[in-house]
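To start, the structure itself, in structure tokens.
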Amino acid sequence: MNKLILVQALLFLITVSAAMPANDKLADLFYKRNNCQCTTAFADFDSSSSSGPFRGFVAFGQDENGSTTIFGAFNRGFNTNCTYQFLIEDEHDNILYDVTDGLDVQLTDDGGTDAFSHKFSDINLDCQSNGILLGGHNLRDKVKYCSNKKFVVRTKNQKGGQKICR
Ligand SMILES: *[C@@H]1O[C@H](CO)[C@@H](O)[C@H](O)[C@H]1NC(C)=O
Ligand SMILES: *[C@@H]1O[C@H](CO)[C@@H](O)[C@H](O)[C@H]1NC(C)=O
């Protein structure tokens with residue numbers, strides 16, 4: 001199966017399971033210390049110029065405790081001879097999180113990556129005031145909301161970044 005379709009299917013499953021809590025999850029709600037929404041977001045490395053050479057899809061799923069799993073895959077733009085950094089930056093290109101070590105992205109010979117996934121307990125989407133999805137606006141079509149933070153892939157002489165949207 002195509003890696004990107006797999007990633008989109010996973011994102012769908014997370015959305016569905018968040019919408020339909022199991023009975024034990026409902027019981028859990030009464031005892032929860034932190035109560036975050038199960039929010040999802042994505043950064044789509046499409047053919048727009050801000051993607052640089054990179055093509056792929058990165059998804060974000062926040063659990064009820066405010067931890068965020070980042071998962072995805074790329075299918076173009078990488079050279080196995082280069083070392084890449086994976087970052088979350090704000091609108092002024094300041095690095096908020098360096099997720100390179102956590103994601104441990106493995107490059108493939110065809111210029112893409114294996115699918116990657118890692119849960120970050122220090123990154124939240126919209127549960128706390130520093131949520132990476134906060135501070136943005138709806139796009140012109142009024143349907144898609146994008147934050148002012150972006151997911152960035154960077155090497156010495158190349159950079160691509162896409163806004164984190166929901
Ligand atoms: C959230 O935290 C509670 C209490 O520490 C734990 O039992 C639960 O498994 C956690 N939920 C997730 C999705 O990690
Ligand atoms: C990586 O470096 C090796 C040795 O210099 C070279 O043969 C190979 O073509 C390079 N691979 C790519 C994808 O540039």
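Among all positions in the stretch 110-130, there is at least one residue which is free of Cβ contacts under 8 Å to residues at least 12 places away in the same chain, closer than 19 Å to Cys36 by Cβ and either of a type outside the set (A, V, I, L, M) or not in a loop (DSSP other than H, G, I, E, B) (or both).
So that you can scan it fast, the table gives a plain yes or no per residue for (1) over 14 Å from the mean Cα position of the chain (by Cα); (2) of a type in the set (Asp, Glu); (3) surrounded by 17 or more Cβ atoms within 10 Å (Cβ to Cβ); (4) over 20 Å from Ser67 (Cα atoms):
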| residue | (1), (2), (3), (4) |
| --- | --- |
| Asp126 | no, yes, yes, no |
| Asn130 | yes, no, no, no |
| Leu133 | no, no, yes, no |
| Lys150 | no, no, yes, no |
| Lys156 | yes, no, no, yes |
| Arg166 | no, no, no, no |
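Let me spell it out: the conditions are (1) crowded, with 19+ Cβ neighbours inside 10 Å; (2) in contact (Cβ under 8 Å) with a residue 60 or more places away in the chain; (3) within 18 Å of Asn157 (Cα to Cα), and Gly72 meets all of them except one. Which number is the exception? In the conditions (1) crowded, with 19+ Cβ neighbours inside 10 Å; (2) in contact (Cβ under 8 Å) with a residue 60 or more places away in the chain; (3) within 18 Å of Asn157 (Cα to Cα), Gly72 misses (3) alone.
Right, Gly102: without any contact (Cβ under 8 Å) to a residue 40 or more places away in the chain, assigned to a loop (DSSP other than H, G, I, E, B), buried (at least 16 other Cβ atoms within 10 Å of the Cβ) and not β-branched (Val, Ile, Thr) or not?
Numbers: without any contact (Cβ under 8 Å) to a residue 40 or more places away in the chain: yes; assigned to a loop (DSSP other than H, G, I, E, B): no; buried (at least 16 other Cβ atoms within 10 Å of the Cβ): yes; not β-branched (Val, Ile, Thr): yes.
When the stated conditions are applied, Gly102 does not pass them.
Condition first: within 14 Å of ligand 1 (Cβ to nearest atom), at pLDDT below 95 and either assigned to a loop (DSSP other than H, G, I, E, B) or of a type in the set (Ser, Thr, Tyr) (or both). Can you find one or more residues in the stretch 67-85 that meet it? No; the residues of the stretch 67-85 include none that is within 14 Å of ligand 1 (Cβ to nearest atom), at pLDDT below 95 and either assigned to a loop (DSSP other than H, G, I, E, B) or of a type in the set (Ser, Thr, Tyr) (or both).
The values are calculated or read from the model by the stated rules, or taken from the named source; none is laboratory data. All figures in this text were calculated on a predicted structure; none of them were measured in a lab. Glycine also receives a Cβ, built like all others from the backbone with ideal geometry; neighbour counts cover every protein chain displayed.
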